[in-house]
1. Restricting attention to segment 38-82, and to residues there that are among the β-branched types (Val, Ile, Thr), surrounded by fewer than 14 Cβ atoms within 10 Å (Cβ to Cβ) and more than 20 Å from residue 21 (Cα to Cα), which single residue is nearest to the chain's Cα centre (by Cα)?
2. Can you pull out every residue in segment 1-59 that is out of contact with any helix residue (DSSP H, G or I) (no Cβ under 8 Å at 6 or more places or on another chain) and small (Gly, Ala, Ser)?
3. Which one of these does residue 10 not meet: (1) surrounded by 13 or more Cβ atoms within 10 Å (Cβ to Cβ); (2) more than 27 Å from residue 82 (Cβ to Cβ); (3) of a type in the set (Lys, Arg)?
4. Which of the residues that make up segment 1-60 are of a type in the set (Lys, Arg) and at pLDDT 95 or above?
5. At pLDDT 95 or above and either surrounded by 10 or more Cβ atoms within 10 Å (Cβ to Cβ) or out of contact with any strand residue (DSSP E or B) (no Cβ under 7 Å at 6 or more places or on another chain) (or both): does that describe residue 88?
6. Taking segment 18-54 as the region of interest, how many residues are farther than 30 Å from residue 79 by Cβ and not hydroxyl-bearing (Ser, Thr, Tyr)?
7. For residue 35, are the conditions met, namely being surrounded by 15 or more Cβ atoms within 10 Å (Cβ to Cβ) and either over 15 Å from residue 89 (Cβ atoms) or hydroxyl-bearing (Ser, Thr, Tyr) (or both)?
Amino acid sequence: MTAKDDYLKRLRRIEGQSRGLQRMVEEEKYCIDILTQVSAMTKALQAVAMGLLEDHISHCVVDAAVAGGPEAEAKIKEATDAIARLVRS
């Protein structure tokens, strides 16, 4: 299984969780139970984000750093900006 396949599998599972959350709200389930599922879904999305970030750093950023020059600086800034967005979320 490739990393892409793994991400797609995880995202499909998250999509199912989202549909489940919608159903829970429609059925007026207990708020704490809904919040628990929201938390699980959030953690699942964070895991996907961290995997993508790790892949990006280990491939794109490393390759650009080896090449040097302005592209390396741009890729490093791009990665740090992405990390900053993840930390804020």
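The values are calculated or read from the model by the stated rules, or taken from the named source; none is laboratory data. Fair warning: this is a prediction, and the values are worked out from it, not measured in the lab. Using ideal geometry, Cβ is built from the backbone for each residue, glycine included, and neighbour counts are taken over all protein chains shown.
1. Checking each candidate, the answer is 80.
2. 16, 39, 58
3. Among (1) surrounded by 13 or more Cβ atoms within 10 Å (Cβ to Cβ); (2) more than 27 Å from residue 82 (Cβ to Cβ); (3) of a type in the set (Lys, Arg), residue 10 violates only (2).
4. 9, 10, 12, 13, 19, 23, 29, 43
5. Answer is no for this residue.
6. 17
7. no
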